[in-house]
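The values are calculated or read from the model by the stated rules, or taken from the named source; none is laboratory data. Keep in mind the model is a prediction, meaning the values are calculated, not measured. With ideal geometry, Cβ positions are generated from the backbone for all residues, glycine too; neighbour counts draw on all protein chains shown.
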Amino acid sequence: MIRSLRRWVATIAAIALPAASAQAEWLEASHKRFVIYADMSPKALNAFASDLERFDSAMRFLFPNPQDEIDSANRVTIFVVSNEDVVETLARSENVAGFYRPSASGSIIVTPRNTSSEVKEFNNRLVLFHEYAHHVTLSNSTNYYPSWVTEGLAEFFSTTAIKADGTVAIGLPNNARTYSLQVSNPIAAETLLTSDTQVFDEEQVAQKYARGWLLTHYLMLGKTRPGQLGDYIKLVNSGTPSLDAARKVFGDLDKLDRELNAYRSRSYLMGAAIPPGKLPIGEVTIRPLDAGQAAMMPFRIQSAVGVDAKTAALLAAKARPVANAYPTNSWVQRALAEIEYDASNDDAALAAADRALAADPKNMMALIYKGRVALRRAAVAKSTDPAVWREARRWFLKANAIDPNFALPFVLYHESYARAGERPNASAIDGLVRAMDLVPQDTGLRFNVGVQLLMQGDRIGARQALAPVASNPHGGRENRASAMLKLLDSGATAEAVLAAAKPPKADTPPAKQ
C-alpha cells in the first residue's frame, strides 16, 4: 500500500461505490501478466499499459523467477479509478493513494488515474509502479524479504522512467519522499532493520518508506557495499534474525547510519538503465468493454476489493438491477454470482452462476461459485453424507480442469475437508501447497500452508511458508505467524506451535478469501 502525501480532510460515513461518469468508456488492456480496467481513452490506456509492460519486463529481468513461465498463473488485475478519493473509499482507509491485495481468488491493484498531490513527482505512475513492484518482488515462493526491504524495493522501483526508445531507467531520485528524507532525526538503521517487530506511528511509517528507499538505493547502486543486500537476504531466509544478519553483513550499524546520512546529502545519486534490447516485450490487447460489462464495472470493483455483511447487502441491491438488464452476458452474471454469494443470497448466486454457464460453459468463476454455495449449504446443514461433499468438490475439479494454474480451486478443495470435519487427503494437501506456489504473495494462504505442513511433521516447509507472513507487521494472522516462527526456531513441539496458530476470540476472519 502506498500512502498519499495529502492529509485526509473529510470523514466518510458510509462506503460509497465508485461510479462511472456518463461519458466513461471502460476499456480492458490484457497482457499475460496483468489485465487493466480503466475508463480512459484508447491512446492513454495503450501508453499506460505499454509502460507497465516494459516495467514488468524490467522487474523480471532483475528478479528472475522460474514460475514466470506459467503465463496464466497469478495474473494481477488492475483497476484504474478516477482519483485518490475513490481509492480511499475502496480501501476503507484514509490517506491511501493506491493499494495491492494479493489473493488466491485473484490479486488486485487499485490505482488512481489522477493524483492531487502538490508534489509533481507523486503521480499515478509512481503509485502504480510501487504497487506492481510488490506483486513481482513477492512472487517467489521460496524467498522472502523483511518488510523494510519490501517497501524499500517498491519505493526504489516506483520512480522508474520509461524512455521513448524503450530504455527503462531505475533508481531515479525519490522526490516524493524528500521531506521524510531530510528530517533532522531520521530513524536509525537498527530501528529500520527491526521494524517488523515494532509498531510505528504515521511519521515513523513515512520514515520507514523513505529510509528503506535510501538504504536500498545505497546498497544497490552506491558502489561501496556490492553484494551486501543479497547476502543479507540470504541470511534472513536461512533463519538468521534480521538484526543479527545485518550486523554480520553490514558491520557497524552506527557507521552505516553515517554513510546513509552522507549519501542522503549528495547533490546527485546515480541511477541505472536497462536497454530495450535486453527486455522481451509481450503483446498487450486493448478492447472496449461491452455495455453490460461497463455498466457492471463499478460494482465489480467493489466486490473484488471486498465487502462485509453490511456493504455486501447494499452492493447486491445496487448491482442486481444492472445485471438483470443483461441476463445472457456471462461476465456480468459471473460478477453478480460473486456479489450475491457475499451477501449470503445463495439461491440468487446459483441462478446467476447458471445464467453465466448457459452463456459460457467454461466460465471458471461461475463453476467456483456453484461449488462455494454447495460447500456453505453442506456446512450449515452439518451434512455427514460423503456424497454431498463430493458434489461440492466436483465444481472445483471442473474449474481446475479449465485452468490448472489458477490457485482458488486448490484452496477451496482443501477447505472442503475442514468444513466436512475430515482430514484432507494427499491430493488436497498437495493442491494447497501448489496454490501457495502459484500465489506466494497471499499471506493468508501461506499461513494455512504452514499450519498444514506442521501437522504433517514438515517443520522446514512450515517455516518456509510462515516466514514471509511473520515479516508482515499488520496484526492478525501475521502476529500469530511471528509467534509460531519463534517457537519453531526455539525447538518447541509441533503441538505448542500449532497452539499459537489459534486465533484469539476477538480475531474476526476477513469477509472473503
Do you know which of the residues in the range 122-174 that are surrounded by fewer than 22 Cβ atoms within 10 Å (Cβ to Cβ), in contact with a Lys or Arg (Cβ under 9 Å, 6 or more places away or on another chain) and assigned to a helix (DSSP H, G or I) is modelled with the highest pLDDT?
-> Ser147
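Could you please find all residues in the range 399-415 being part of a helix (DSSP H, G or I) and surrounded by fewer than 23 Cβ atoms within 10 Å (Cβ to Cβ)? Walk me through it before giving the result.
Of the residues in the range 399-415, the ones part of a helix (DSSP H, G or I) are 399-402, 407-415.
Within the range 399-415, Asn400, Ala401, Ile402, Glu415 qualify.
Being over 26 Å from Arg446 (Cα atoms), at pLDDT 90 or above and not hydroxyl-bearing (Ser, Thr, Tyr) narrows it down to one of Val76, Val81, so name that one. Walk me through it before giving the result.
Values: Val76 fails: over 26 Å from Arg446 (Cα atoms).
Going through Val76, Val81 in turn, just one is over 26 Å from Arg446 (Cα atoms), at pLDDT 90 or above and not hydroxyl-bearing (Ser, Thr, Tyr): Val81.
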Out of all the residues in the range 433-456, is one or more in contact with a helix residue (DSSP H, G or I) (Cβ under 7 Å, 6 or more places away or on another chain), at negative phi and at pLDDT below 90?
-> no
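Out of all the residues in the range 372-391, is one or more within 27 Å of the chain's Cα centre (by Cα) and loosely packed, with under 14 Cβ neighbours inside 10 Å? It would help to see each step written out before you state the result.
Taking the range 372-391 first, the residues within 27 Å of the chain's Cα centre (by Cα) are 372-373, 375-376.
If we keep only those that are loosely packed, with under 14 Cβ neighbours inside 10 Å too, we end up with none.
Taking every residue of the range 372-391 in turn, none turns out to be within 27 Å of the chain's Cα centre (by Cα) and loosely packed, with under 14 Cβ neighbours inside 10 Å.
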Residue in the range 89-121 that is modelled with the lowest pLDDT, counting only those that are polar (S, T, N, Q) and touching a Phe, Trp or Tyr at 6+ places or on another chain (Cβ under 7 Å) | Thr115
Select from the range 418-475 the residues that are of a type in the set (Asp, Glu) and outside any helix (DSSP H, G or I) and write down the one among them that is surrounded by the fewest Cβ atoms within 10 Å (Cβ to Cβ).
-> Glu422
Scope the range 347-385; condition farther than 20 Å from Pro321 by Cβ and either charged (D, E, K, R) or without any contact (Cβ under 8 Å) to a residue 12 or more places away in the chain (or both); matching residues | Asp360, Pro361, Lys362, Lys370, Arg372, Arg376, Arg377, Val380, Ala381, Lys382, Thr384, Asp385
Just name the residue that is surrounded by the most Cβ atoms within 10 Å (Cβ to Cβ) out of those in the range 320-364 that are over 19 Å from Leu412 (Cα atoms) and either in contact with a Leu (Cβ under 6 Å, 6 or more places away or on another chain) or hydroxyl-bearing (Ser, Thr, Tyr) (or both).
-> Ala352
Those residues of the range 74-111 which are of a type in the set (A, V, I, L, M, F, W, C), in a strand (DSSP E or B) and touching a Pro at 6+ places or on another chain (Cβ under 7 Å) amount to Val81, Ala97
Sole residue being touching an Asp or Glu at 6+ places or on another chain (Cβ under 6 Å), among the aliphatic types (A, V, I, L, M) and within 30 Å of Pro280 (Cβ to Cβ), chosen from Ile233, Ile162 | Ile162
